[in-house]
Every structure is written in C-alpha cells, then in structure tokens.
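Worksheet for the structure shown next.
The values are calculated or read from the model by the stated rules, or taken from the named source; none is laboratory data. As the structure is a computational prediction, the values presented were derived from the model and not from experiment. Cβ placement follows ideal geometry from the backbone for every residue including glycine, while neighbour counts extend to all protein chains displayed. Heavy atoms of the whole protein, side chains included, go into the accessibility calculation; ligands, DNA and RNA do not. Shrake-Rupley method; radii C 1.70, N 1.55, O 1.52, S 1.80 Å.
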Amino acid sequence: MSEMLWAKGQPLDEQLHAFTVGNDPIIDLQLLPFDAEGSAAHARMLSGSGLLPENEAKALVAALRRLKEQSERGELTITREQEDGHTALEVALTKELGPTGRRIHLARSRNDQVQTALRLWMRARLLDLGEALGNCASAFVDFGRTHSSTLLPGYTHMRRAMPSSWGMWGVAFGEGLLEELEQLPALWSRIDRCPLGAAAGFGVPVKLNREHAADLLGFSRVQRSPIDVMNSRGRHEQAIAAWIVSAAGTLEKALWDLLIWSTEEFNFVRLPDSFTTGSSLMPQKQNPDVLELARGRCRELRGLAALLSHLCGGLPSSYHRDQQLSKAPFLEIVAKGEQLFNVVTRLLPGLEINEQACATACSEEVHAASEACRLAAEGMPFRAAYAQVARQLRDGTFRPAAVTASNAVPEAGQLALTEIAVTLTESKNWIGDRRRFLTTTTEHRFVFSGCANKVARSIRSRSILADSVMRSWRGSRSLRTNLAQSRTPRSTRETSCFAIICASL
C-alpha cells in the first residue's frame, strides 16, 4: 500500500511533496506516544460503538501499546514518504495486523487525530513546566530565607532609593513565579476537553460514543462542537505560550539584576564559576555568558510566541494547512521555557553575596524616606518632614535617627515566607495529583475491559470533585494554611472531602 493516507494513485511532485511535509517527520516523534494513546482509545470506542469487532480492537490496542513503548525508547521512525506520525502508526499497524490495521482510521481524520495527540502532549508537558517553575520559585524563596537580613540597596530609576535586603529580592521573585503557578489549573481546564470524534471538523455520519473516548483518555468532558475543535488549533497553544513568556518576563528582571550587581563596579554578588566562561584573548575575564543567554532566551520566547500568534491568526474557521506550521514553534517554546526555568533554579544556590559591599552601598541617603516618615509619625506634617530631610541632604547635615541593620529592612518573619511556602506546597500537590492521575489513566487506556472503563471514570470523577472541594476551601486563608501545614497526605484529605460530601447528600 502507499504510505500516504491520502494517496489516490495520482502522480506526485517530489519537490512539492517535500515542501508540504516540512519537518513533520522529526517534530511528530515527540507526539508519537500520545498519538498511540489516542488511537488506542479510538479503537476501544469504535468497538464499544459496534463499529469494530472486539477481537480486532483488542489486537489494535495491544499493538498500539507496543508502538507507544517503542516510540518512547526512540525506536520508531517516521519516513518522509509517511509524512507524519499518524501515517507511521497506521503503516506499522497494517504491517503487523494486516487489514485490521487499516480499520483504525474509521470515523476520524488526521485533523482530530493531531488535536488529540497535541492535547495529551500539552497535559503532560504542562505538568513538566509547572514542576520546573515550582522548583525555581522554591529556589528563590530558599534564597530569600537564607539572606533574609542581608542588606541590599533598593533602586528606582537605576538610582539608590530605600534600604532593602537580598531576602526581599529573593521572595519577590518567588512570589511572582508563584502567581504564575496559580494559573496552572486554569490552563489545565482549557485543555481538559476531548477533541476526538470531531474528524475533519464536521463530525462523522456514524454514531460515536465520544464520551467513552473522553473517559478513556482522562478528559473531564468532550469538546462538543466539531468546528470549534478545528478553531481551537493554536488557541490553547497560544495560551500556554503566553504563560511561559509571562514567567520568563519575571525571570528576566532577576537575570538583569544579577548581571548588573555582579559587575566589578557594584561587586554585590559573585556568580558561580560554572555559570561563567573565559575570553579567547583576555586572561582575566569571567564572562556571565549563561546569564546573558538566559536573558536572551526570555526575548527569544517572546519572539517564538509572536511567530505562533501570526501563524495561528488571520484564518477563517475550520482546518487549514497553515496550522501545521504552528507545531514547531510551540514545541520549541515549551522545551526552551522549561530549560530556562531549570537553569535559573541551578544558579541561585551558588550565588555568593558580598555583604560588606552591599552594606556600604546602603549609605545614609537611602534612609531619607524612613526619616521623613519617622518625623511625620511623631506629629510633623509629612510635607514639612519631607522638606526638612531634603534640606539636610542638601547642606550635608542629614543624620538619620537610630538606623540599624535590624530595623532598616523587614525581618525574616515579615517576608511572608511561611504563607508563600504554604501556597507553593498547594501548587506542587496539585501537580503531583495530576501526575498520578495521568499515570493511572494511561495504564487503564491499554487494559481492554469494562472494569477498566469504570475505574477510569471513577478516577476522573474523583479528581474533579476533589478539585472543587479544594477550591472552595481556598476561600478561607486560615483553613488553607492549616490544611497545607497538616501532615495528612492529600489523598487522605481528598477521601475525607468525599466522606463529608456524601454524608450531606
């Protein structure tokens, strides 16, 4: 048989074929395991809908499991003649199972097939990104805790402004990244709908049980409109890309700070040797190449996100071949975003603070605002206090009252370290729960039995209900804090949630 699913026996221009295929044979290698999962669910759904004999469906599912494992080990390839991963799988199935392998494509198109594989891939990679960003946030918080009372001038307009600390600096970025982490459940919810069964974008003329496919794939619901399935190509990718770019924008500021403060002129911080390189000409140089490249990566991610936006925009509804070009930049954004988060996480523990240089830079004038506030708190109108301090600064008589390192900046207990750690724990628990959920549902996807279907639905329902309960509890800060500080495993807490709800029914 021809290895092109759409072949009709007509002549093929090799140059045009190469142009249309592009680099899909390479890109789709990342999607192959998820394409196999989607195909297994499709085969089981066809069998459950009476469109495929059970024995053939079982054979397909068993073969797809082997193909998934081969693709994960890097043993499955995609030829240029096959064009993409979808064809590679069908060719492999047909080679092993004969005519049965050619039955797999009933009631689906490569359009909903790629959407399903991408959606499954996005779920897994979103958790990888969340874990990497969570580790990065934790590294900043740990850094802030370690250096909670180490002085550091605060700057506005690149000029000394008020006294600060490395603790405040570290916690600032930890909290900024935590804000990004709190968006993960919303991103997950966007992609938590099953596109399988939309076919080319208009459904199919046979009766399918799309809910069954959604259950098998661990989606909480079906993406109902077949046309919207096609319209959503690029929509969710752009949402995830924007999230990565936003987190990178937070890190970009930290990278800028470290690059400036590690110069000889400031000498506030020394970078780990492993994060510097040498010069081919100047023996004394220790160039901060890793930080500069990480800073450049933040801009690169913005550029890739803009490319993705251009490729996905300006199209009418339904599917168009332009959308094929969106895969490469999206997969690149995810890979490079995760790499950026991991690099910054590795950097922070190796930073060496020059406490003496930082303390010296906190000269008297940085306490001017504190002195004006002190005078105002004692009864002087603030504008009068402001004018008095400004006058003293001009004539060189300014001497801030009772300024010490202990009261110039917030103490460790004022940095909200405990509260931030609690919220970080919640985010990491959520990621851990989702990982376990995906592991369990993936395993049951390849177990051909009615019992497995019930288990998958039970797990999915339990996860949705537990999420609902946990969200309602987050409305109370005291409950949230007590819950996160509890030693009770989250799985036990979720079980208790169900017991409470069931008792109230």
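Before moving on, here are some points about what is shown:
- Accessible carbon and sulfur surface of the range 79-228 relative to its total accessible area, %, 1.4 Å: 52
- Probe 1.4 Å - accessible area at Ser71, Å² to nearest ten: 20
- Placing a pseudo-label 7 Å from each Cα along the Cα-to-Cβ vector at Glu179 and Asn231 gives an inter-label distance of 3.2 nm.
- Averaged over residues, the count of other Cβ atoms within 10 Å places the peptides 227-238, 179-190 in the sequence 227-238, 179-190, highest first.
- Taking label points 7 Å from Cα along the Cα-to-Cβ direction, Lys58 and Gln392 give a separation of 8.9 nm.
- Pairs beyond 29 Å (Cα-Cα), from Lys58/Lys336; Lys253/Lys285; Lys253/Lys336; Lys253/Lys428: Lys58/Lys336
- Built amide H within the under 5 Å cut-off of Leu152, gap 5+: Ser164, Ser165, Trp166
- Judged by the ratio a/c of the largest to the smallest principal axis of the C-alpha gyration tensor, the range 135-183 counts as oblate, that ratio being 1.5 or greater while a/b is no larger than b/c.
- Nitroxide proxy distance, nm - points 7 Å out along Cα→Cβ at Thr360 and Tyr155: 1.7
- Report note on the peptides 60-68, 316-324: ranked by the mean count of other C-beta atoms within 10 Å, highest first, their order is 60-68, 316-324.
- Estimated at 0.36 nm per residue, the fully extended path between Ala416 and Gln339 surpasses their Cα-Cα distance by 24.9 nm.
- Accessible area of His147 in the full protein assembly, 1.4 Å probe (Å², nearest 10): 30
- Fraction in percent of alpha-carbon pairs per bin - 5 Å, the range 69-204: 2, 9, 11, 12, 12, 10, 8, 7, 7, 6, 6, 5, 3, 2, 1, 0
- Rolling a 1.4 Å probe across all protein chains gives Leu315 an accessible area of roughly 60 Å².
- Among 373-386, 149-162, the order from most to least packed when residues are scored by Cβ within 10 Å on average: 149-162, 373-386
- Karplus-based coupling profile of the range 253-258, in residue order and whole Hz: 5, 5, 5, 4, 4, 5, with θ = phi - 60° in 6.51 cos²θ - 1.76 cosθ + 1.60 and x standing for Gly or Pro.
- ³J(HN,Hα), Karplus 6.51/-1.76/1.60, whole Hz, each residue of the range 269-274, x for Gly, Pro: 8, 10, 7, x, 4, 5
- Average accessible surface for the range 217-341: 46 Å² per residue, computed with a 1.4 Å probe over protein heavy atoms with every protein chain in place.
- Shape category assigned to the range 184-228 from the gyration tensor of Cα positions, a/c cut at 1.5: oblate
- For the range 39-112, the list of GluC sites (Glu not before Pro) that fall in a loop by DSSP and count at most 11 other C-beta atoms within 10 angstrom reads Glu75.
- Sites Ser317 and Ala18 - FRET efficiency at Förster radius 30 Å, r taken between beta-carbons, to 0.05: 0.55
- Entry comment: accessible area of the range 49-180 is 39 Å² per residue, from protein heavy atoms only and a probe of 1.4 Å.
- Put the Cα centre of the range 41-55 next to the Cα centre of the range 200-255 and the gap is 24 Å.
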